[in-house]
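These notes are about the structure you will find just below.
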Amino acid sequence: MEQSEYHGFLRLDFEYQGREVIVVCPKQRAAGNPWVWRAEFFGAFDTVDVEMLNRGWHVVYYQVSNMYGCPEAISLMKTFHDFVTVAYGLSQKADIFGFSRGGLYAVNYALRYPQEVSTLYLDAPVVDLMQWPRESAGAEWAECKAVYGIQEDSEPIAENPISHLEELAATQIPVILVAGDADQAVHYERNGKILVDTLERKGSEVQAIVKPGCDHHPHSLEDPTPVANFIARRRGQWDEYTLEPGEWTNAWYERPSEDRTRVMLIGDSITYGYRPFVHVNMGQEVCVNMLATSKAVDNPYFIPELDFALDQYGLQYDLIHFNNGLHGHHLSTQAYAEEYERVIRHLLERYPDAKLCLALSTPCSETDNIMVIKEDEDRTIRERNAVVVALADKYHVAVDDLYEAMLPHPEYHVEDGCHFTDEGREQQGRLIAEFIRRNLGLGEN
């Protein structure tokens with residue numbers, strides 16, 4: 001075994017059953033001993049590999065080159081998987097990186113052994129052997145035919161990944177894909193795009209980052225954060241990218257000793273602002289409690305904080321009014337949808353006697369002119385609100401549309417373009433109280 005250094009980390013080189021192995025060790029292991037399995041091209045375009053090492057992942061490579069993801073290659077990979085997980089104490093599930101032809105190994109391994117894959121990171125991946133290497137008609141195609149045991153160029157390959165994408169979707173393995181839309185070697189339209197479209201159509205988690213005008217090279221991203229965060233979140237790992245600069249929480253309990261109709265408002269600083277006005281408009285027969293927090297829905301402490309707040313004093317809630325969409329700017333729309341749905345399911349399962357209602361996030365204005373909507377912020381808000389509406393329909397819960405209620409009134413914003421004047425908060429409080437009354441079947445106050 002040879003020892004050397006790889007980007008400041010300990011690198012071990014050795015052979016296993018006559019094939020090259022590289023294991024790079026993090027300085028400190030992350031919880032659960034996660035690991036990256038580089039299917040091909042170790043060390044090439046390795047920004048994400050290095051980022052995962054910094055986060056406590058091992059990076060592992062096993063040389064099965066020139067086998068194009070054929071059944072024999074997948075069997076060799078399985079044998080190696082069983083060896084390396086025991087020898088280095090790694091988790092059963094790998095995060096497999098499939099770059100270019102490495103996509104063949106990654107997808108076919110996931111299809112045969114889905115229980116051993118946490119995520120797939122596919123970068124300009126080959127998905128259709130009939131596009132590449134067949135159309136190149138070079139040495140690679142001759143090698144490919146040989147390892148798959150076919151004679152004729154037109155002969156179908158049973159294990160061609162593109163023929164099994166619906167099966168991949170059924171595994172529910174999260175996939176993140178990076179590719180250029182001008183790839184002249186491995187055409188995106190005939191490989192990665194078909195994979196993404198199929199997974200999306202089948203409801204399997206997939207995130208695509210398509211680089212406009214980019215050819216097959218360069219692979220990956222200069223900033224590895226989007227890919228690294230995608231992988232880490234599926235391992236239950238969080239880092240500084242998922243936190244606000246300064247987290248805060250505020251709670252309010254109204255007459256907790258009294259047995260009355262009770263509502264919990266869950267949200268952020270906007271919720272903190274309108275709670276007193278909801279209370280005034282609800283009247284004395286309804287207690288209006290509140291949990292306001294800066295935490296985004298993917299924060300590891302978000303759900304425990306919800307439970308802690310909702311379980312205080314042993315109170316029973318008739319309605320939970322949930323508003324969360326203005327925090328967590330690091331989240332893509334798809335990641336937000338996943339995390340938001342996780343929270344909805346938790347609330348429905350843990351508090352089945354409370355009627356859950358979802359509020360849409362309010363619009364934001366430009367800080368230098370509150371009468372003008374801030375376009376980039378508004379785009380994100382509208383995308384997230386669409387997610388909330390879709391999930392409300394899926395889980396059959398009511399939606400409180402605060403966005404449309406506030407959109408005609410930018411004058412209600414204070415100078416920061418996000419929060420509201422007393423007049424704006426009073427308007428919100430009145431509308432929310434009316435919404436709550438309708439959903440609880442209460443008469444007018």
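Bear in mind these aren't lab numbers, they're just calculated from the coordinates by the rules spelled out. The shown structure was predicted, so the numbers you read here are calculated from the model rather than taken from an experiment. Backbone-built Cβ (ideal geometry, glycine too); neighbour counts: all protein chains shown.
Calculated FRET efficiency, Leu348 to Arg382, Cβ-Cβ distance, R0 = 25 Å: about 0.50 to the nearest 0.05. Taken along its three principal axes, the alpha carbon spread of region 73-230 comes to 43, 37, 29 Å, from the longest extent down to the shortest.
Remark: region 254-267, residue by residue, has Karplus-estimated 3J(HN,Hα) of 9, 6, x, 7, 9, 8, 9, 4, 9, 10, 10, 8, 10, x Hz, where x stands for each Gly or Pro and the curve is 6.51 cos²θ - 1.76 cosθ + 1.60 at θ = phi - 60°.
Among Lys78/Lys193; Lys295/Lys374; Lys27/Lys193; Lys295/Lys355; Lys27/Lys93, which pairs are too far apart, with a Cα-Cα distance over 25 Å? Flagged as over cut-off: Lys78/Lys193; Lys27/Lys193.
The HN-Hα couplings worked out from phi for region 296-308 by the Karplus form 6.51 cos²θ - 1.76 cosθ + 1.60 (θ = phi - 60°) are 7, 5, 8, 4, x, 9, 5, 5, x, 5, 4, 4, 4 Hz, whole numbers, x standing for Gly and Pro. Computed from the C-alpha gyration tensor, the three semi-axes of the ellipsoid equivalent to region 302-383 are 30, 15, 11 Å, from longest to shortest. Quick one: Cα centre-to-centre distance for region 102-153 and region 379-445, in angstrom? One Cα centre to the other: 50 Å.
For Val206, the residues 5 or more places off, or on other chains, whose built amide H falls under 5 Å of its own are Val175.
Counting only DSSP beta bridges with both residues in the chain, the antiparallel share comes to about 35 percent. Here's how it looks for Leu10: its modeled amide H is under 5 Å from those of Cys25, which are all 5 or more places away or on a different chain. Amide H to amide H distances under 5 Å link Glu40 with Phe99, where only residues 5 or more positions off or on other chains count and H is placed in the peptide plane. Rounded to the nearest 20, the Cβ-based charge dipole of the chain about its Cα centre (Lys and Arg +1, Asp and Glu -1) stands at 1120 debye. Relative to the 2.2 N^0.38 Å rule of thumb, region 45-98 has a C-alpha radius of gyration ratio of 1.22. Simple rule: put +1 on each Lys or Arg Cβ and -1 on each Asp or Glu Cβ in region 296-383, find the dipole, and look at Thr367, Ser332, His346; the Cα lying farthest toward the positive end is His346. Along region 10-23 the Karplus relation, 6.51 cos²θ - 1.76 cosθ + 1.60 evaluated at θ = phi - 60°, assigns HN-Hα couplings of 5, 10, 10, 10, 7, 10, 10, 6, x, 10, 5, 10, 10, 10 Hz to successive residues, with x for each Gly and Pro. Could you work out which residue, out of Ser220, Ser257, Ser294, moves most in a Gaussian network model of the chain, that is, has the largest mean-square fluctuation with Cα springs under 10 Å? Among Ser220, Ser257, Ser294, the largest GNM mean-square fluctuation belongs to Ser257.
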